[in-house]
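A short worksheet on the structure shown next.
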Amino acid sequence: MQQCVNCRTPFSWKQVSKSLWLAYKPIACPNCGSLHKVQFLSRLLASIFMVIPIYAAYFFTQLIGPGTFLISVLVIMLSVILAIPYLMRYRLV
Ligand SMILES: [Zn+2]
């Protein structure tokens, strides 16, 4: 997980995911208050990861059979949502 660039306080999963859902809102460090912005590459990565579940689910449906598409999308989407905050990188504003 990303740490504060200034004081090395780790950000929480909740903090980072909240920033993602608020359109990559900058994160303020809970310890020293310095503001962190999402790096452009992380932003790109996040948008790619949001699209992947749909393609992956389509692929699984071809393998397992119809009727599993929606469940596959939900399961993969959920794992992506859980994992993305660990992949995001921030820099000082
Ligand atoms: Zn800090």
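Between the amide H of Ala28 and those of His36, distances stay under 5 Å, these residues lying 5 or more places away or on another chain, with hydrogens modeled in the peptide plane.
At 15 angstrom or more along the helix axis (alpha-carbon based) and mean Kyte-Doolittle of 0.0 or higher, what helices does the chain contain? Whole DSSP H runs only.
Details: long enough: 40-64 (36 Å, 1.66); 69-87 (26 Å, 2.72).
Passing helices, by number: 40-64, 69-87.
Extension gain for Ile71-Tyr58 works out to 3.6 nm (0.36 nm per residue, less the C-alpha to C-alpha distance).
Read-outs: derived from the displayed coordinates by stated rules, not from any lab. Note that the coordinates shown come from a computational prediction; the quantities given were computed from them, not determined experimentally.
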